[in-house]
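Heads up: the structure comes next, in structure tokens.
The values are calculated or read from the model by the stated rules, or taken from the named source; none is laboratory data. Since this is a predicted model, take the numbers as computed values, not measurements. Every residue, glycine among them, receives a Cβ derived from its backbone with ideal geometry; neighbour counts consider all protein chains shown. In case anyone asks, the SASA skips ligands and DNA or RNA and just uses the protein heavy atoms, side chains included. Shrake-Rupley method; radii C 1.70, N 1.55, O 1.52, S 1.80 Å.
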Amino acid sequence: MQASSVKLAPSWMDHVGPEFEKPYMKSLKDFLSREKSAGKVIYPKGDEIFNAMNTTSFEDVRVVILGQDPYHGAGQAHGLSFSVRDGVRFPPSLMNIYKEIIAEYGGEMPKSGDLTRWAAQGVLLLNATLTVQDSLAGSHQNKGWEEFTDAIVRSINEQRENVVFMLWGSYAQKKGAFIDRNKHLVLTAPHPSPLSAHRGFLGCGHFRQANVYLEQHGFSPISW
């Protein structure tokens, strides 16, 4: 996968562009090509794979919410972790995220599951794996995406300060284990999935904690 052919915002190419020249990325591109040639349906569509970075520039990142896989149902994934387009039924994890925000701030359940409005405010909605096969959760894990998204997290960790990382569930917490807690705020909780949300995600207070931290360091709070 050559950097010149990748539709990734320049602010990110400046930091992770060299990743596209590495052997693992060539292997990943070959894997995706084989899957498409075999007629397999892959989400999100090609021009949305890097949506998280193309919506939130490197310099604008204030919060990182780390997911694992894109949604694997038709019409759901559009390149932002936990987000679905307008009109799409809220997946259970997103429903629990909204419930927690309402518990912290009040208000009513949003009508839209599209979190682009968060991304526009500096919330990087990054999945560890950026593609998935239709109806097959985890199908593109361990193909190379994790190495690329590690490079993204590492670049933020090393070259930015006072970013809030929300690490929900053991997978995200392991992926973010190297984040410098002296430079950034790292918030951990169980995953918002219905299988685990009741074990500490609901009631975690992360959204208010993030905003308090951002304001303490001179940044505008996120309108969740």
- Task: Please work out the FRET efficiency for the pair Ala137 and Arg181, using the Cβ-Cβ distance as r and a Förster radius of 45 Å; give the result to the nearest 0.05.
- Result: 0.90
- Nitroxide proxy distance, nm - points 7 Å out along Cα→Cβ at Ser27 and Ser193: 2.5
- Which of the residue pairs Lys29/Lys183; Lys99/Lys174; Lys29/Lys175; Lys7/Lys36; Lys29/Lys111; Lys22/Lys45 have a Cα-Cα distance greater than 28 Å in the structure shown? Lys29/Lys183; Lys29/Lys111
- Task: Using 0.36 nm per residue of separation minus the Cα-Cα distance, give me the extension gain between Lys99 and Lys174 in nm, one decimal.
- Result: 24.5 nm
- Item | Global form of region 1-124, assessed from the alpha-carbon gyration tensor, a/c cut-off 1.5 | oblate
- Query: Which whole-number percentage describes the relative contact order of the chain, with Cα contacts under 8 Å and a sequence gap of 6 or more?
  - Reply: 22
- Item | Placed amide H near Val163: partners under 5 Å, 5+ positions off or other chain | Leu185
- Message: Taking a virtual spin label 7 Å from the Cα of Gln121 along the C-beta vector, which residues in region 146-189 bring their backbone nitrogen under 16 Å of it?
- Response: 164-166
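Given R₀ = 35 Å, what would the calculated FRET efficiency be for Ala151 paired with Glu108, taking r from the Cβ atoms and rounding to 0.05?
Here the calculated transfer efficiency is 0.35.
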- Message: Just want to confirm a number: the relative contact order over region 53-118, from Cα pairs under 8 angstrom separated by 6+ residues, in percent.
- Response: 27
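Heavy-atom accessible area per residue, the chain, 1.4 Å probe: how many Å²?
Per-residue accessible area for the chain comes out at 46 Å².
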- Note on the structure: SASA check, Tyr24, accessible area w/ 1.4 Å probe, all protein chains in place, rounded to nearest 10 Å², comes out at 30
- Item | trypsin sites (Lys or Arg not before Pro) within region 134-224, DSSP loop, no more than 11 other Cβ atoms inside 10 Å | Arg181
- With a ≥ b ≥ c from the Cα gyration tensor eigenvalues, square-rooted, and the rule rounded for a/c under 1.5, otherwise prolate when a/b > b/c and oblate otherwise, region 133-224 is oblate
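Per-residue ellipticity at 222 nm for the chain, helices alone: DSSP H runs ≥ 4 residues times -39500 (n - 2.57), over residue total, nearest 500 deg cm²/dmol?
It lands at -10000 deg cm²/dmol.
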- Query: How much accessible surface does Thr188 have with a 1.4 Å probe, in Å² rounded to 10?
  - Reply: 70
- Query: How would Ser83, Ser37, Ser112 line up by accessible area, probe 1.4 Å, largest first?
  - Reply: Ser37, Ser112, Ser83
- Item | From phi via Karplus (6.51, -1.76, 1.60), per-residue ³J(HN,Hα) for region 22-28 in Hz, x at Gly/Pro | 7, x, 4, 6, 5, 4, 5
- So Arg85 and Ser57, fully extended at 0.36 nm per residue minus their Cα-Cα distance, gain in nm 8.0 nm
- Note on the structure: Computed ³J(HN,Hα) along region 78-89: with the Karplus parameters 6.51/-1.76/1.60, θ = phi - 60°, integer Hz and x for glycine or proline, the list is 9, x, 10, 4, 6, 9, 9, 5, 3, x, 8, 4
- Rounded, prolate or oblate: which one fits region 39-190, using the alpha carbon gyration tensor with axes a ≥ b ≥ c (rounded when a/c is under 1.5, else prolate when a/b beats b/c, else oblate)? oblate
- Message: At 1.4 Å probe size, what's the solvent-accessible area of Ser27? Round to the nearest 10 Å².
- Response: 70
